[in-house]
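The values are calculated or read from the model by the stated rules, or taken from the named source; none is laboratory data. Please read all numbers here as calculations on a predicted model, not as lab measurements. Every residue, glycine as well, gets a Cβ built from its backbone with ideal geometry; the counts of neighbours run over all protein chains shown.
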Number of protein chains: 2
Amino acid sequence: MYKIAVCGCGVVGSGVCDALLDQHEKLSRRFNRKVALAYVLDIKDLTGTRYAPYKVSDLDTILNDRETEVVVITIGGLDLAADYCFRALRAGKHVVTSNKAVVAAYGPELEKLAFSKERRFMYEASVGGGIPIIRPLNICLFANDITEIQGILNGTTNYMLTGMFKRHASFDEMLARAQRKGYAEADPTADVDGFDAARKIAILSSIAYGGFVDYRNVPCRGIREVAFIDHELADKAGFAVKLIAGSRFEDGKVYISVEPKLVRRGHLLSDVNSVYNAILTKGSYTGDTLFYGQGAGKEATASAVVGDIIELLGAPKAFALPDFAVKNATVLPDDRPCRYYIRMKSLKQPAAGALIDIFGDDTLCLFSKLERDPWEEGDPSTVSAVITPPFTAAELEEHVRGLDALGARVRMTMKVLD
Amino acid sequence: MYKIAVCGCGVVGSGVCDALLDQHEKLSRRFNRKVALAYVLDIKDLTGTRYAPYKVSDLDTILNDRETEVVVITIGGLDLAADYCFRALRAGKHVVTSNKAVVAAYGPELEKLAFSKERRFMYEASVGGGIPIIRPLNICLFANDITEIQGILNGTTNYMLTGMFKRHASFDEMLARAQRKGYAEADPTADVDGFDAARKIAILSSIAYGGFVDYRNVPCRGIREVAFIDHELADKAGFAVKLIAGSRFEDGKVYISVEPKLVRRGHLLSDVNSVYNAILTKGSYTGDTLFYGQGAGKEATASAVVGDIIELLGAPKAFALPDFAVKNATVLPDDRPCRYYIRMKSLKQPAAGALIDIFGDDTLCLFSKLERDPWEEGDPSTVSAVITPPFTAAELEEHVRGLDALGARVRMTMKVLD
């Protein structure tokens, strides 16, 4: 019998327990040996739930059971979950976790510990929920040199951005709606400020480029400044506004950021809507490969955890020390020239010709009829925007100064993902 | 040292050799043991190529080398490739193949043989080229009950359909173009009549639903009848025309087909263009998951083969006998009610009201201004089309009879994928 323990019976943990209980026949048939949920560790009272018979309150009960080979850590937060991962590995258990905070912060240490104990540390569920992405990167695409990853990695913000556009809604309206629906937490900072996506792109980049990317080095800008008018102007020009977690590997360095960007309609990421996630990878052999699906949610995330369990039951000795466990990446903000979207306000609509004089011939000028944004003096102001030719950030800054002469004030700047 | 033999140094085989030669350091580092190309078997003269030092002409040389654990079969065709797979497994080698014909025809026998020899038989590259799909189905999504697969699985026909629409071209023009570009063979039957896609959806369905789907039981209709006018009319109504290889699992039965269908714009498969492939799966836990990428080509397919090698070097004992190796699926054509697209010709444009009287209130009527399709008597004819409400095939047949009274003759019928 393969005995499995689940620590943390919250949303994801209870989903894992359900999958193990509901699919135990299918699992047992595959391994020709019973695969069974053995323990559920939680401080909550589980009386009356289907998990009650498995309940334990102490990790040591699990660690001391030599027959339990796999410990699933689905506790949220950082410190306790990390502590449990370390303790379980030290006790000679395989560890599977969905906790991205733990993986982003302690991935290298946990990988090294697992390797030294000849055990596996697995975390498919930490990025992209139910979307297979870690295993495809680790195995299927391993022959490739990966040069780029562009992802929509946070379902909450993608739900909000999609809703802002479709419902003509403001950030605040969509945040309230996401909170009512349970997509956003009471404190939405991790999602709306991009920190969640930063952890996920750091994890994927570490695996793909073979050097540890510390999530604290990921330049990170959320969606608080995005307004409905940005969606409207972007849409006129054939773009969608998305929170893009992206990285490139060039000359041994990782260029990375999380920020809202304009994505051309027709681009694979432009049609990823609502709570869905997608990850686009560029490989030296495969070119563009896209993985799309539910990036969060109890059942989808549980599916990914069970996928890890299946891999490791079949291959308990397939441990390899990933390069990122022993090497740090050089992480830099992405300063490649790119097109920019700049929204500005002014008392009088600037002439298109004047904007083109500032930014160059290939500038696209967008004007709005809305006068919703009062000028400081109380007069209604006009809103306009440009999509510029490619500039570096420094070049852009210089051109933007030219707007002063037109009496226009910059309110929002976003890069364009072409 | 892990010694690897490659049998068949054609497009895919030479790509595998290149990847093994170019990435041997990365591979060796991962396994802490040298991973090396040891043999290349081909009847061609390889003198002057980088493969010459490895060339052998006889499979037994490989099979008799006890140090060679992995045999890659990248020979095309059926009989010889299948024979090599059987012989290599019997000799106790792991086998990795990209040959879908072999997998579709002999998958169960080869899986059983591999299992009995405690070796692995792997074929990620047989479906979707460089797109990870077999491993995700086998491992990542295994906890799910998969209920549906919809795919664009043939790059040649997708290139042709995309080109017909964009270039206002005919089937024959695009076939000639695909042949010039090397996307289509001199005898294009396997691609344009859907037989290639039928093998692929049969392989995926066997894995996903746990019963062997014989590709010879897949109702199969290619794209020969699709005309530019179908793209034009479909586009007016917000649809793209795609060759869809799809299956559903319901009440223990597999409903399957390969046929051109109208795909609503906004559907994940509608924007898969040119030689790209995509596979959409519906899982009980994950909901919709999409895998997208290059469905063919030397390097992408080689990447998938090397992915298999990586998995099996890490997990040489992770053999499991899949359900489809011991159980046949009940395979039926898909007869669920669905909307239909019907293109017809007539001397006089039928009135929209008359068409709605025949097919029902929710009928969409599409008229073309083109008069390119001469009526038998030599008069110019008009082309029109309807998109009907959902019908079974039998119901549709009955309604179609009503067109006689309008003097309209049906020229093309396609299902709508909603």
Completion exercise
The lone condition B:THR61 fails out of (1) assigned to a helix (DSSP H, G or I); (2) in contact with a helix residue (DSSP H, G or I) (Cβ under 8 Å, 6 or more places away or on another chain); (3) surrounded by fewer than 16 Cβ atoms within 10 Å (Cβ to Cβ) is (2)
Problem - In region B:181-236, the residues that are of a type in the set (A, V, I, L, M), within 24 Å of B:GLY107 (Cβ to Cβ) and in contact with a helix residue (DSSP H, G or I) (Cβ under 6 Å, 6 or more places away or on another chain) - result: B:ALA190, B:ALA198, B:ALA202, B:ILE203, B:ILE207, B:ALA208, B:VAL213, B:VAL218
Exercise for the section: Within region B:8-39, count every residue that is surrounded by 15 or more Cβ atoms within 10 Å (Cβ to Cβ), within 13 Å of chain A (Cβ to nearest Cβ) and in a loop (DSSP other than H, G, I, E, B). Expected result: 1
Problem - Residue among A:LYS317, A:LYS282, A:LYS298 that alone is within 21 Å of A:CYS7 (Cβ to Cβ), more than 14 Å from the chain's Cα centre (by Cα), among the basic types (Lys, Arg) and surrounded by fewer than 24 Cβ atoms within 10 Å (Cβ to Cβ) - result: A:LYS298
Completion exercise
In the set A:ILE256, A:ILE279, the lone residue that is within 14 Å of chain B (Cβ to nearest Cβ) and farther than 22 Å from A:ARG177 by Cβ is A:ILE279
Exercise for the section: Return yes or no: is A:THR162 part of a helix (DSSP H, G or I), assigned by TED's automatic domain parsing to the domain that holds A:LEU268 and touching a Leu at 6+ places or on another chain (Cβ under 7 Å)? Expected result: no
Exercise for the section: Report, by residue number, each residue of region B:282-315 that is in contact with an Asp or Glu (Cβ under 6 Å, 6 or more places away or on another chain), facing chain A (nearest Cβ under 7 Å) and outside any helix (DSSP H, G or I). Expected result: B:TYR285
Fill in the blank from the handout: Residue set A:GLY266, A:GLY252; condition modelled with pLDDT of 95 or more and not hydrophobic (A, V, I, L, M, F, W, C); output residue A:GLY252
Practice task
Evaluate the following for A:TYR159: is it under 21 Å from the mean Cα position of the chain (by Cα) and crowded, with 24+ Cβ neighbours inside 10 Å?
Solution key: no
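Condition check ((1) outside the structural domain of A:ARG221 (by TED's automatic domain parsing); (2) closer than 30 Å to B:ASN32 by Cβ; (3) touching a strand residue (DSSP E or B) at 6+ places or on another chain (Cβ under 7 Å); (4) among the acidic types (Asp, Glu)) across all residues:
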| site | (1), (2), (3), (4) |
| --- | --- |
| A:ASP323 | yes, yes, no, yes |
| A:LYS348 | yes, no, yes, no |
| A:LEU355 | yes, no, yes, no |
| A:LEU364 | yes, no, yes, no |
| A:GLU395 | yes, no, no, yes |
| A:ARG401 | yes, no, no, no |
| A:MET412 | yes, no, yes, no |
Exercise for the section: Only residues that are aromatic (Phe, Trp, Tyr) and in a strand (DSSP E or B): list them for region A:226-260, please. Expected result: A:PHE239, A:PHE249, A:TYR255
Exercise for the section: Tell me, please, whether a residue that is closer than 16 Å to A:ASN277 by Cβ, out of contact with any His (no Cβ under 9 Å at 6 or more places or on another chain) and more than 14 Å from chain B (Cβ to nearest Cβ) can be found in region A:219-227. Expected result: yes
Practice task
For A:ALA176, indicate whether it is assigned by TED's automatic domain parsing to the domain that holds A:LEU262, at pLDDT 95 or above and touching a Cys at 6+ places or on another chain (Cβ under 7 Å).
Solution key: no
Practice task
Could you please let me know if B:ALA304 is modelled with pLDDT of 95 or more, among the small types (Gly, Ala, Ser) and in the same structural domain as B:MET160 (by TED's automatic domain parsing)?
Solution key: no
Problem - Pick from region A:320-355, criterion small (Gly, Ala, Ser) and buried (at least 17 other Cβ atoms within 10 Å of the Cβ), ranking: farthest from the other protein chains (Cβ to nearest Cβ) - result: A:ALA329
Practice task
Taking the residues in region B:98-118 that are in contact (Cβ under 8 Å) with a residue 60 or more places away in the chain and under 20 Å from B:LEU313 (Cβ atoms) as candidates, determine which candidate is surrounded by the fewest Cβ atoms within 10 Å (Cβ to Cβ).
Solution key: B:GLU118
Problem - Selection within region B:364-401 - part of a loop (DSSP other than H, G, I, E, B), modelled with pLDDT of 90 or more and surrounded by 19 or more Cβ atoms within 10 Å (Cβ to Cβ) - result: B:THR388
Problem - Single unsatisfied condition, B:GLU185 versus (1) more than 14 Å from chain A (Cβ to nearest Cβ); (2) at pLDDT 95 or above - result: (2)
Practice task
Would you check if A:ILE75 is surrounded by 21 or more Cβ atoms within 10 Å (Cβ to Cβ), among the aliphatic types (A, V, I, L, M) and assigned to a loop (DSSP other than H, G, I, E, B)?
Solution key: yes
Completion exercise
Filter region A:119-144 for residues that are at the interface with chain B (Cβ under 8 Å from one of its Cβ atoms) and among the aliphatic types (A, V, I, L, M); the one that is surrounded by the fewest Cβ atoms within 10 Å (Cβ to Cβ) is A:ILE139
Handout entry: Condition met for A:VAL263 (in a loop (DSSP other than H, G, I, E, B) and either in contact (Cβ under 8 Å) with a residue 60 or more places away in the chain or facing chain B (nearest Cβ under 9 Å) (or both))
Key = no
Exercise for the section: From A:ALA208, A:ALA234, A:ALA245, grab the single residue that is touching a Gly at 6+ places or on another chain (Cβ under 8 Å), of a type outside the set (Phe, Trp, Tyr) and buried (at least 21 other Cβ atoms within 10 Å of the Cβ). Expected result: A:ALA245
Practice task
Run B:GLN150 past the list (1) over 19 Å from B:VAL241 (Cα atoms); (2) within 14 Å of chain A (Cβ to nearest Cβ); (3) not in a helix (DSSP H, G or I) and report the number of the one that doesn't hold.
Solution key: (1)
Exercise for the section: Would you check which residues across region A:322-331 are in contact with a Lys or Arg (Cβ under 7 Å, 6 or more places away or on another chain) and outside any strand (DSSP E or B) and list them? Expected result: A:ALA325
